[in-house]
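Written below as structure tokens is the structure these notes are about.
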Amino acid sequence: MRVYVEQHVEGLAELDRFLSTLPENIQRKMLNSALRAAGKPVLDQAKQNIRSLFGSSPRYTGTLEAGVVIAKQRNTGLAARVNVKTKKPRGNKTNDVIHGVKKPYGRDPFYGRFLEKGTSKMPARPFLGPAGYARQSDAGRALNASLQQQIARWCKANGVKFVPGGAYD
């Protein structure tokens, strides 16, 4: 289940020039941290959507809400990507009984994809896609703030002066 949200950002040329002067591992850490910060508003909205759509149900357990997480995408090469998604269960099978139903994998939020996209017998009740679109601008602001904070912290620790739009030394 993937929902893509595009964000237009200005000032990337100067940011790219500055970041290219940093070691690659520092660049990756800054970018991944900023992307996680950008995913937080979307995550919060998705959880709020889940509570408003399904929270009044007598069978609501909170499994889907607890299962929506921010996760770093592995093996993306030079690109950086962070997903807001439902997590897969880990470990051995458990035989939890939840609301009188035996669940072989315990609290597994696998059914979130069926709610988001629907099935042949059930209409879609999306919670993640609308969260991405509703909090798109907040995610952009969080990304910007996080990058600025990290760059300022790194510059202070390493004695580097950086003026956005200007020269740095």
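Count, please, the residues in the stretch 118-164 that happen to be under 20 Å from Asp16 (Cβ atoms) and surrounded by fewer than 13 Cβ atoms within 10 Å (Cβ to Cβ).
6
Per-residue answers, yes or no, for (1) polar (S, T, N, Q); (2) at positive phi; (3) under 22 Å from the mean Cα position of the chain (by Cα):
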| residue | (1), (2), (3) |
| --- | --- |
| Glu24 | no, no, no |
| Arg36 | no, no, yes |
| Gly39 | no, no, yes |
| Asp44 | no, no, yes |
| Gln48 | yes, no, yes |
| Arg51 | no, no, yes |
| Ser56 | yes, no, no |
| Arg59 | no, no, no |
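For the stretch 152-163, how many residues are at negative phi and part of a loop (DSSP other than H, G, I, E, B)?
3
Among the residues of the stretch 124-151 satisfying the criterion of being outside any helix (DSSP H, G or I) and among the basic types (Lys, Arg), which is nearest to the chain's Cα centre (by Cα)?
The selected residue is Arg135.
When you scan the stretch 1-107 for helices (runs of 4 or more DSSP H) that lie fully inside it, which ones turn up with 3 or more residues that are at pLDDT 80 or above, touching a strand residue (DSSP E or B) at 6+ places or on another chain (Cβ under 9 Å) and of a type in the set (A, V, I, L, M, F, W, C)?
24-54
The values are calculated or read from the model by the stated rules, or taken from the named source; none is laboratory data. Nothing here was measured: the structure is a model prediction, and the numbers come from that model. Ideal geometry is used to build each Cβ from the backbone, glycine not excepted, and the neighbour counts take in all protein chains shown.
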